[in-house]
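This report concerns only the one structure given below.
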Amino acid sequence: MSSPTIEVPKPETRPKLPEGWRWVRLGELVESAQPGFASGERSPAGVIQVRMNNVTTLGTLNWIEITRVPRPSKGLGKLLLQPGDVLFNNTNSVELVGKSALFQGHEEEVTFSNHFTRLRTLKHLLDPAYLTFWLVSQWQTKTFERICVRWIGQAAVQRNKLLTLELPLPPLETQRRIAAILTEQMGAVEKARKAAEDGLEAARKLAGAYIVASFRGPRVADWDRVPLADISTFLPAKSIASDGDTEVLAITTACLSELGFRPEGIKTARMWANDAREATVSPGEILIARSNTPELVGRVAVYPGGYPNLVASDLTIRIKATGADPAYLGAYLSSLYLSGYWKERAGGASGSMKKITRGQLQAEHIPLPDLETQRRTVAELNSKTEATKQLVRHLEAQLEAIRALPAAILRRAFSGEL
């Protein structure tokens, strides 16, 4: 477990603040920094307890999923939230630790888990909404990622490190003005993000509908069906090994999409050299998510090439088409995923992680017309989906730009440019 030192900017290296602003340690501006309490129990009649999933990365609380826990026999009063309290997520993954939210009230009593530190400000010095947005800005710039204590799968920001951080403090009325502007602007960003995400989901569903429709109807019903094992070879995939002797570029489920192979999902990992050689993929291979969530297990893409020495881990099933057109076979297998076929048939004891086996796939009967018809089917499908693919790329770029807006807005706010 490592514990990085806190890097408080020296006066000569700090950004210059507007007149009337000053740098102040957070600990000098809060009345209390109260940790929450742990509870593994649930109670339908219990008190609402804020959990990590209730806090967004934009400084707000999401009440879609509420957790209720038994009311503590004593000491609950000091653990109840009041309007104006700021919740700092002190323990989470490295990427999410430090996300924060402003509590603005609820019709019921609400408390918070031990994964949070409740900051109650000295309100004559520090506006809670201003503090919340400043904490969000620090999460955006990865301050908490730099100062957290890390261990396997988790990270924590210690209370003393949090309170030692310095924030730019304008007069109280300026704080309130900035917080009001940020509330309006961040709300607009969230609406734009939601609209872009909805549009992107609709475009992807349209492409998926085209794929599924290509393998339904009387024409397809007349085609012969052949076991997948008879028209393909299943290739080896090897385990990622953190202590492996070779750094590799590895395919993840994020690479697999019904709209094609997505290289942005490639990740750096390690494998043993012999395994890496066996697991190296070639153009035209069909890649299937062997183990994932019920929503993603069985997702498919055909690897187009272009990335030398790219490997597939054992979370991916590799198939080489030997008796069918690879693009046709990949499209048909993708239609199974898109129709929810594997969601119903994947095994696994865990409800959150499902698996399909090579044996299941090998026994799957594939509708197989002649090669000319296969290629014509693929060409017709490509002509239908091309415009949709362009729309998806446009919406993805738009969404990426929208997601970058909060960091830019907050940077301007805390340098006095609002």
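Observations on the structure shown:
- Scanning the stretch 91-108 for residues that are part of a loop (DSSP other than H, G, I, E, B), more than 21 Å from the chain's Cα centre (by Cα) and in contact (Cβ under 8 Å) with a residue 12 or more places away in the chain yields PHE103, GLN104, GLY105, HIS106, GLU108.
- Among the residues of the stretch 317-351, those identified as of a type in the set (Ser, Thr, Tyr) and either out of contact with any Pro (no Cβ under 8 Å at 6 or more places or on another chain) or without any contact (Cβ under 8 Å) to a residue 40 or more places away in the chain (or both) are THR322, TYR328, SER334, SER335, TYR337, SER339, TYR341, SER350.
- Residue within the stretch 62-69 that is farther than 28 Å from LEU405 by Cβ and of a type in the set (Ser, Thr, Tyr) present: yes
- Selection from the stretch 140-176 of residues that are closer than 19 Å to GLY59 by Cα and free of Cβ contacts under 8 Å to residues at least 24 places away in the same chain: LYS142
- THR111 assigned to a strand (DSSP E or B), over 24 Å from THR183 (Cβ atoms) and of a type in the set (Val, Ile, Thr): yes
- For the stretch 383-405, the set of residues classified as exposed (fewer than 14 other Cβ atoms within 10 Å of the Cβ) and either more than 29 Å from the chain's Cα centre (by Cα) or acidic (Asp, Glu) (or both) consists of SER383, GLU386, GLU400, listed by residue number.
- Qualifying residue in the stretch 204-219 (condition: more than 30 Å from HIS124 (Cα to Cα), exposed (fewer than 15 other Cβ atoms within 10 Å of the Cβ), in contact with a Leu (Cβ under 8 Å, 6 or more places away or on another chain) and of a type in the set (Lys, Arg)): no
- Residue that is modelled with the highest pLDDT, among those in the stretch 365-412 that are among the acidic types (Asp, Glu), farther than 30 Å from GLN140 by Cα and in a helix (DSSP H, G or I): GLU372
- From VAL281, VAL248, residue being closer than 29 Å to THR388 by Cα and buried (at least 17 other Cβ atoms within 10 Å of the Cβ): VAL281
- Residue in the stretch 188-197 that is surrounded by 15 or more Cβ atoms within 10 Å (Cβ to Cβ) and assigned to a strand (DSSP E or B) present: no
- Residue count for the stretch 63-90, restricted to those that are under 16 Å from GLU108 (Cβ atoms), among the polar types (S, T, N, Q) and in a loop (DSSP other than H, G, I, E, B): 1
Condition check ((1) crowded, with 24+ Cβ neighbours inside 10 Å; (2) closer than 17 Å to VAL378 by Cα) across all residues:
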residue: GLY298; (1), (2): yes, no
residue: ALA301; (1), (2): yes, yes
residue: PRO304; (1), (2): no, yes
residue: LEU315; (1), (2): no, no
residue: ILE319; (1), (2): yes, no
residue: ALA324; (1), (2): no, yes
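- Count of residues meeting criterion [closer than 11 Å to PRO170 by Cβ and in contact with a Phe, Trp or Tyr (Cβ under 8 Å, 6 or more places away or on another chain)] in the stretch 403-418: 3
- Restricting attention to the stretch 226-244 and to residues that are modelled with pLDDT under 95 and part of a loop (DSSP other than H, G, I, E, B), the residue that is surrounded by the most Cβ atoms within 10 Å (Cβ to Cβ) turns out to be ALA237.
- Scanning the stretch 111-160 for residues that are under 21 Å from the mean Cα position of the chain (by Cα) and among the hydroxyl-bearing types (Ser, Thr, Tyr) yields a total of 3.
- Of residues in the stretch 257-266 being of a type outside the set (S, T, N, Q) and either without any contact (Cβ under 8 Å) to a residue 24 or more places away in the chain or out of contact with any Pro (no Cβ under 6 Å at 6 or more places or on another chain) (or both), the one surrounded by the fewest Cβ atoms within 10 Å (Cβ to Cβ): GLU264
The values are calculated or read from the model by the stated rules, or taken from the named source; none is laboratory data. Since this is a predicted model, take the numbers as computed values, not measurements. With ideal geometry, Cβ positions are generated from the backbone for all residues, glycine too; neighbour counts draw on all protein chains shown.
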